[in-house]
1. How high is the relative contact order of chain B, given as a whole-number percent (alpha carbon pairs under 8 Å, six or more residues apart)?
2. What nm distance separates the two modelled labels at B:ALA4 and B:TRP116, each placed 7 Å from Cα along Cα→Cβ?
3. Most fluctuating residue of B:LEU169, B:LEU144, B:LEU199 in a GNM of chain B with Cα springs under 10 Å: which is it?
4. Would you mind listing how long segment A:1-72 runs along its three principal axes, going by Cα atoms, in whole Å with the largest first?
5. Within segment A:41-131, report the chymotrypsin sites (Phe, Trp or Tyr not before Pro) that DSSP leaves as loop and that have at most 16 other Cβ atoms within 10 Å.
6. For a label point 7 Å from the Cα of C:TYR205 along Cα→C-beta, name the residues of segment C:232-256 whose backbone N is under 20 Å from it.
7. Viscosity 0.890 mPa s, temperature 25 °C: Stokes-Einstein D of segment A:115-175 from its Kirkwood Cα radius, in µm² per second?
8. Using a 7 Å offset from the Cα along the Cα-to-Cβ direction at both C:THR70 and C:THR347, what is the distance between the two label points in nm, to one decimal?
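Read-outs: derived from the displayed coordinates by stated rules, not from any lab. The structure presented is a predicted model; accordingly, all values stated were derived computationally and were not measured. Note that we place each Cβ from the backbone using ideal geometry, even for glycine, and neighbour counts take in every protein chain shown.
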Amino acid sequence: MHLTQKLELFPDHAVTQILFRELKNAAELKKSAVEGKINGALINPAMLVSPFQVLVAANKAVHSQKIGKMKTRSLYSEIIFNLSPTNNISEAFKRFGIADGDESVLVVLVHNKDESHHLADITAQVDGLQVPVDEVSSLSDSAKIRKLYKVTPQEEKCGTLLDAVVCRMAIKDVM
Amino acid sequence: MAVAELLSTATLVRQGAEARLYRTEFLGKPTIVKERFPKRYRHRALDEKLTHRRTVQEVRSILRCRKAGISVPVVYFVDYSTHCIFLEEFVGYSTVRDHITSVQRSKSSQDQNLEWLAQRIGQILAKMHDEDVIHGDLTTSNMLLKGGSEDQDSELVLLDFGLSYISVLPEDKGVDLYVLEKAFLSTHPNTEALFQKLLKSYIMSSKKSQVVMKKLDEVRVRGRKRSMVG
Amino acid sequence: IYSISKYATKYLTCPMTVVIGFEGSANKIGIGIIRDGEVLSNPRRTYITPPGQGFMPSDTARHHRAVILTVLKEALDQAGLKPADIDCVAYTKGPGMGAPLVTVALVARTVAQLWGKPLLGVNHCIGHIEMGRLITKANNPTVLYVSGGNTQVIAYSERRYRIFGETIDIAVGNCLDRFARVIKISNDPSPGYNIEQMAKKGSQYVELPYTVKGMDVSFSGILSYIEAMAHKMLSSGQCTAEDLCFSLQETLFTMLVEITERAMAHCGSQEVLIVGGVGCNLRLQEMMGVMCQERGAKLFATDERFCIDNGAMIAQAGWEMFRSGKVTELEDSWITQRYRTDEVEVTWRD
């Protein structure tokens, strides 16, 4: 049900995404994440169009880490930062991190391509129903996404909402 | 050196003047990597300046065009340390250049077969210039086409924004069209009438075409009147 | 207007064709004789002005008039030929400066009538290209034509030398010459040569404007920048005259190599031929060579004998035209200051 994609640019690394609905312990999870007890990024699925969006953010985070140019303190916070269209870190967490009352969460793990053991650790900490990652699109709040990324109607005539989002994420450093 | 390793296994599509294009898979998607490799003939300081500036200009103009609804490739990832841009691959497209050449070869009522295309190009360039994007290297090789006729749901894509920049000046837009005119007519002999159709469609579509056309004329005259001594 | 004449049909069947070429479109006057690809003679004189000065049309014409008969005698003597051995008299029809062009055309017309030989008006740029092809044996190259008055990237297709890229304002040689005047570099033997020598001693790279538009270039921005800044930079000790020569060459030549490479990529060409006066600059040749190496292409260039304006190049283009059946009637033997490379129908290539 989870989705694992290896990073072609960093062949030792893979990204695993796990999606939960009917989440009961969002506040607890958030607290653990802030304390560094969760080795993963917790993302609000409402702001995600597709798992590809997360892959783009994760690839860029690993890249920034390797060349020593991360803007935030950890790989996981960097993934959340990379999802945002702006360079404001706290804004990124507000929009893309989870909030106390959230009823769903996407967990992102970056790991060695052979290890999947702490998948179970994470799953154990989440009180929710695991569903296929592709269902993330049914949880997205397209109106909110369009507003945050400032996607124009004419732009969606020549491409998808995902295209619009990914392009902004990839380019935001030079805007 | 992650990018270098990936490129060593990727397929080299072609080596343009600016960069090498590779085909590969990236995050599971078919992707084109545009690598601006160091040009050894250039002084190092100049090379670094040009390479960095062009990488940045290219991705900026791409986003600006997309926002305006102009079809250009999606950027997936940019590595400014190796000057590589990871771009959406367009499968099943041909260059406008190849399309025109093949229609001209087939010789059956060519003008009609290409008129709609000239019109489409004019419209898209008008839209681009109205957004103040100057492409900087307009040729029929830098345009992709899907669906080779008017009736089909055809799509025209602009590529290669490495020499692009943002400008409101009619002069810059005029020169942009002048560059296309010369590349168009030298690449496709006997297409003067077709190019006029393109310009006419540009004039009809752009809000600011009048001043741009005036500048285009000025640039042409400058070319013709230029002293050729020596 | 050309037409197939009684002369041409005769020489089409004759194996050896001797053409004499007259060139004087700028500050060089040259007369060369070609016999079926062999340069029999190619004497030349250059009108050299004092530092800080360019050459004016009337002075240049006066110079050419004063020496042209001496040069003609040299050309015949060195070739060991008599007028009777000549089959056709070729001269530069344009482009170039009016007064010098007229001077040279007048002499060419006169000797053609005296000797009873057909005339041929030749495009100066085509002369450079055909001479380059003859000397280097390049087959179907992308041509970079760089001189005092021209900057063009040319490729052949469907009976024309088509201009894919060119300057949208001044020529590269003009930019170099005018820079030389600003900082009073000698015109002897040529400003470009002296800049090249000084550039070898330069080391500091000074950033200059860089303007490439697709396959076109613009040099006027660089020139006005350096005209405005040169004296300030030199007097403040920010850089030396040698550094400026070095930086100017690096910048201008990078632009030229870039548009040449873009045209090659566009045309799918794997050969480059550099012609024109600026083309004998060894730094330009070196940079072009590196570019070619990087894309598996081949560079062809010639030295100052054939790069710089000369009579043999007019004779060679004339030879090709003559062999393809063209001559210029006397009443059509005028000159023109503007004459684009792509105006000429290339009747001698497939």
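1. This gives 18 percent for chain B.
2. Label at B:ALA4, label at B:TRP116, 4.9 nm between them.
3. B:LEU169
4. 37, 27, 21
5. Here no loop site has a sparse enough neighbourhood.
6. Residues passing the 20 Å test: C:238-256.
7. My calculation gives 170 µm²/s for D.
8. Label-label distance for C:THR70 and C:THR347, simple model: 3.8 nm.
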